[in-house]
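The values are calculated or read from the model by the stated rules, or taken from the named source; none is laboratory data. What you see is a predicted model, and the numbers here were worked out from it, not measured in a lab. Here the Cβ positions follow ideal geometry from the backbone for every residue, glycine too, while neighbour counts run over all protein chains shown. Surface accessibility is based on the protein's heavy atoms, side chains included, excluding ligands, DNA and RNA. Shrake-Rupley method; radii C 1.70, N 1.55, O 1.52, S 1.80 Å.
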Amino acid sequence: MKRQHTPWSDELVLIRYEGTKDAAGWRNPEPVRSDPPLFCGFEDGVSQSEFYLSRKAGMQAAAEAEVWAADYDAFWPEGYAGRRQCELRGTKYEIVRAFQNTMDTKTLILQEVLR
């Protein structure tokens, strides 16, 4: 069941991982966090179709966030193919899918990262 919060009142921190290699050749990915955080619209739960599609792909979509597309796109370097995560309300999420919602906004489908 979707439960919408006050629109654009939450702060979302985007997280990407940039790796360096140590002397032995092992990758040591370091998290890079967006600063300042992005304002977003947050909803607990997802639509029925998003829930079905995520389960079909072996994932479990848990929430949706709407962010400004320009802020989201500016954070990811061109050609970035690593993990896309975010932190919202003290919970870490994997960004399962991001799609253009309107000309100015993107909707992020989020899956909670279990620690």
Filter segment 84-101 for residues that are among the polar types (S, T, N, Q) and either open to solvent by less than 50 Å² (accessible area, probe 1.4 Å) or modelled with pLDDT of 90 or more (or both) and give the result. Q85, T91, Q100
Going by the structure shown, is E78 without any contact (Cβ under 8 Å) to a residue 40 or more places away in the chain and part of a strand (DSSP E or B)? no
Look through E78, E112 and report the one residue that is in contact with an Asp or Glu (Cβ under 9 Å, 6 or more places away or on another chain) and at pLDDT below 90. E112
When the residues of segment 14-40 are narrowed to those that are at pLDDT 90 or above and in a loop (DSSP other than H, G, I, E, B), which ends up least open to solvent (accessible area, probe 1.4 Å)? S34
Test E43 against the criterion of being assigned to a strand (DSSP E or B), open to solvent by less than 60 Å² (accessible area, probe 1.4 Å) and modelled with pLDDT of 90 or more, and give yes or no. no
Tell me, please, whether a residue that is part of a loop (DSSP other than H, G, I, E, B) and open to solvent by 20 Å² or more (accessible area, probe 1.4 Å) can be found in segment 64-75. no
